[in-house]
Amino acid sequence: MMLSGLKQALESGRDLPDKLDLEIRRLKVELRKA
Amino acid sequence: MNNSFCSDFSANFFADLLAGLIVAVIVALWLNLWVGKRLSELAGSEQRKVEKRADLEKAIHYVEVLKIDVNGLLEALPHMIEWPRDLVDEPFRKLEWVRQVGIHTSLWDILQPSGELPKLLDPDLLGTLTGFYGHLVYARRAQNFVTASHLASPSSVAATQLRRSGGRQNTQI
């Protein structure tokens, strides 16, 4: 159970760093406009 | 005739003056209301801008902190998943290994209940973050369950004896 949870987390989190980077860029653009 | 002219003139003059005063007062009141309304609108819009900027700055800070946390977890996860093969026949050491796996979701545990994230972040990103941390929370609950059930069961006594004897006996946990 624990291992399957960890494996699923690893699987679902693979693209998270890229998504977080994109979000930071989007928010910074919005901040410049505001 | 002269007298009549003066009385007509003064009557007209005062009537015009009165009418002018009334119109001036009405215009002044209207101007006052209009300018006041415009000023309060401007102040409100400025306030909204300041609030929006503060929200955006807060969101950037949250996402940067989450990024550090997620990167750390993604770096640690492969080591957590890697099952030490030499522990297959050693249930107590296996239990110890399970207990020592550090599944840290404290940042998410603080941020998520605050209810601020849905207002600040992109829904798609929020969904991915919820899935990622959800699996970790599930894994941690399973870890707690396994640890607690082993500690509570009679076999945990045998496990303690096994640890004391230095792992020489083969006890089933």
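The values are calculated or read from the model by the stated rules, or taken from the named source; none is laboratory data. If you're wondering where the values come from, they're calculated on a predicted model, not measured in any experiment. Please note: Cβ atoms are built from the backbone with ideal geometry, for glycine as well, and neighbour counts cover all protein chains shown.
Of note:
- Within the range A:25-34, being surrounded by fewer than 16 Cβ atoms within 10 Å (Cβ to Cβ), facing chain B (nearest Cβ under 7 Å) and within 17 Å of the chain's Cα centre (by Cα) holds for one residue alone: A:Lys28.
- Any helices (runs of 4 or more DSSP H) falling wholly within the range B:116-173 and containing at least 1 residues that are at pLDDT 85 or above: B:117-120, B:123-152
Yes/no matrix, rows are residues, columns are (1) hydroxyl-bearing (Ser, Thr, Tyr); (2) surrounded by 13 or more Cβ atoms within 10 Å (Cβ to Cβ); (3) within 11 Å of chain A (Cβ to nearest Cβ):
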site	(1), (2), (3)
B:Ile103	no, yes, yes
B:Gln112	no, yes, no
B:Glu116	no, yes, no
B:Leu120	no, yes, yes
B:Thr130	yes, yes, yes
B:Arg141	no, yes, yes
B:Thr147	yes, yes, yes
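- Just one of the numbered conditions (1) within 12 Å of chain A (Cβ to nearest Cβ); (2) modelled with pLDDT of 85 or more; (3) farther than 15 Å from A:Lys7 by Cα; (4) surrounded by fewer than 18 Cβ atoms within 10 Å (Cβ to Cβ) is not true of B:Trp97: (2).
- Test: residue in the range B:64-76 that is more than 30 Å from B:Phe145 (Cα to Cα) and either part of a helix (DSSP H, G or I) or over 48 Å from the mean Cα position of the chain (by Cα) (or both): yes
- Candidates B:Glu41, B:Glu75, B:Glu46, filtered to the one that is within 30 Å of A:Glu11 (Cβ to Cβ) and loosely packed, with under 11 Cβ neighbours inside 10 Å: B:Glu75
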